[in-house]
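Visitor: Mind having a look at this structure? Questions to follow.
Computed from the coordinates by the stated procedures, all read-outs in this text should not be read as laboratory data. Keep in mind that this is a model prediction, so the values were computed, not measured. Don't worry about glycine lacking a Cβ; one is built from the backbone with ideal geometry, like all the others, and counts go over all protein chains shown.
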Amino acid sequence: MQFTSEQRLDDGVLEREFILGEIPGTLWTPGSAPAPVPLILMAHNNGLPKRDARLMARARLTAAHGYAVATIDAAGCGDRPRSAADEQVRAELRRAMQAGEPVDEIFESLVGPLVEHAAPEWRTTLDALLALPEIGGPVGYSGWMALGIRLTAVEPRIAAAGFFAGGYVPRAQREEARQVSIPLLLLLQWDDEGNPRQRALDLFDTFGTKEKTLHANTGGHTGTPWFELEDGNRFYDRHLK
């Protein structure tokens, strides 16, 4: 892992850009907490960049609360190259959505491979992050649910997870949800136009963990109340500190 830039933000958080092989990422660490600190992996939804404004705001506030926070542009996300096949699927998705046609199978062919390619890169990144002296365990996960299900099903170092129920979850991950056994917080936007609430509720029932909490709020896809970040930090405090 090579750090390529760093800056101290006005809240005392240290923000550093890094490169790990072909994987670009950002690491935020608190300015005042004693090292080593717990780590939270913060993943954006399928294809968005690691510099997404909402993700960066969440990351900074979480780091200021006393956590190391890391995000990456995994394969197919952000500025990483996309294959011609990926671009064709995305074009077909846009066409189908504009025409009002069913899109589940198109999402399946898009999101499924993104999860398959992203999960190994996140695990490689986790290896490198935990080797840094300022970061210890335990590890939490926050964000994209489809990827989070895969990671929490196969990665024993992740001790708690917060998922956003705002994106398509492939069939493989719906099955893997039964293997998730760690404490779980699921955030659901009740009026999310792109994510039928019943599908999210059914998935909540599927998760294998006995310690799971559902927070549902009115509003559309991007309307998650800001207080949920504070509640999320309290959730991580219970399980990671």
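Visitor: In sequence order, what are the phi-derived ³J(HN,Hα) couplings for the stretch 16-22 according to the Karplus relation 6.51 cos²θ - 1.76 cosθ + 1.60 with θ = phi - 60°, rounded to whole Hz, with x for glycine and proline?
Guide: 10, 8, 9, 10, 10, x, 9
Visitor: What percentage of all Cα-Cα pairs in the stretch 178-241 are separated by more than 16 Å? Before the final figure, lay out each step's value.
Guide: Working: 1011 of 2016 pairs.
More than 16 Å apart: 50 percent of the Cα pairs in the stretch 178-241.
Visitor: From Cα pairs below 8 angstrom and at least 6 apart in sequence, can you work out the relative contact order of the chain, rounded to a whole percent? Intermediate results must be reported in sequence, preceding the final value.
Guide: Details: 450 pairs, mean separation 38.0, N = 241.
Relative contact order, the chain: 16 percent.
Visitor: Could you work out [θ]222 nm for the chain from helices alone, using -39500 (n - 2.57) per DSSP H run of at least four and dividing by all its residues? Round to the nearest 500 deg cm²/dmol.
Guide: Details: 7 runs with 95 residues, N = 241.
Calculated from helices alone, the mean residue ellipticity at 222 nm is -12500 deg cm²/dmol.
Visitor: Moving on to the next point. In nm, to one decimal, how far is the modelled label at residue 52 from the one at residue 84, with both set 7 Å along Cα→Cβ?
Guide: 2.9
Visitor: With an 8 Å cut-off on Cα pairs and a minimum separation of 6 or more residues, tell me the relative contact order of the stretch 152-241 in percent. Mind showing how you got there, number by number?
Guide: Values: 130 pairs, mean separation 28.6, N = 90.
Relative contact order of the stretch 152-241: 32 percent.
Visitor: Could you tell me the relative contact order of the stretch 41-126? Use alpha-carbon pairs under 8 Å, at least six residues apart, and round to a whole percent. Don't skip to the end; give the middle numbers.
Guide: Working: 68 pairs, mean separation 23.8, N = 86.
Worked out over the stretch 41-126, it gives 28 percent.
Visitor: Put a dot 7 Å past each Cα toward the Cβ at residue 211 and residue 117; how far apart are the dots in nm?
Guide: 3.6
Visitor: Another question, then. Residue 130 versus residue 171, label points 7 Å from Cα toward the beta carbon: distance in nm?
Guide: Placing both labels 7 Å along Cα→Cβ, they lie 3.3 nm apart.
Visitor: Shifting gears a bit: Given all pairs of different Cα atoms, what value in angstroms does the Kirkwood hydrodynamic radius of the stretch 94-229 take? Don't skip to the answer; put the middle values down first.
Guide: Details: mean 1/r = 0.0631 Å⁻¹.
With all distinct Cα pairs of the stretch 94-229 included, I get 15.8 Å.
Visitor: Long-range amide H contacts for residue 168: which residues qualify at under 5 Å (H placed 1.01 Å from N, peptide plane, sequence gap of 5 or more or a different chain)?
Guide: Those qualifying (amide H under 5 Å, at least 5 residues apart or on another chain) number zero.
Visitor: For the chain, with a Gaussian network of springs between Cα atoms less than 10 Å apart, report the residue from 216, 84, 159 with the top mean-square fluctuation.
Guide: In this elastic network of the chain, the residue with the biggest mean-square fluctuation among 216, 84, 159 is 84.
Visitor: Further, regarding this structure: Within the stretch 163-241, report the GluC sites (Glu not before Pro) that DSSP leaves as loop and that have at most 16 other Cβ atoms within 10 Å. Don't skip to the answer; put the middle values down first.
Guide: Details: sites: 175, 176, 193, 211, 228, 230; in loops: 193, 211.
Answer by residue number: 193, 211.
Visitor: Which helices count as membrane-span-like in the chain under these terms: full DSSP H, at least 20 Å along the axis by C-alpha, Kyte-Doolittle mean of 0.0 or more?
Guide: On the way: long enough: 84-99 (22 Å, -0.76); 104-130 (37 Å, 0.17).
In the chain, the long hydrophobic H runs are 104-130.
Visitor: Can you work out the Karplus-derived ³J(HN,Hα) for every residue in the stretch 70-75? Use 6.51 cos²θ - 1.76 cosθ + 1.60 with θ = phi - 60°, whole Hz, and x for glycine or proline.
Guide: Result, ordered by residue: 10, 9, 9, 8, 6, 3 Hz.
Visitor: How much FRET efficiency would the formula 1/(1 + (r/R0)^6) give for residue 20 and residue 154, where r is the Cβ-Cβ distance and R0 is 22 Å, rounded to 0.05?
Guide: Details: r = 19 Å, r/R0 = 0.88.
Efficiency, from the Cβ-Cβ distance: 0.70.
Visitor: By average Cβ neighbour count within 10 Å, what is the ranking of 52-60, 85-93, 117-125 from highest down? Don't skip to the end; give the middle numbers.
Guide: On the way: 52-60: 17.0, 85-93: 13.8, 117-125: 19.2.
Averaged packing, sorted descending, gives the order 117-125, 52-60, 85-93.
Visitor: Could the peptides 1-13, 64-76 be put in order, highest first, of the mean number of other beta-carbon atoms found within 10 Å of their residues?
Guide: Working: 1-13: 11.6, 64-76: 24.0.
With the highest mean Cβ count within 10 Å placed first, the list reads 64-76, 1-13.
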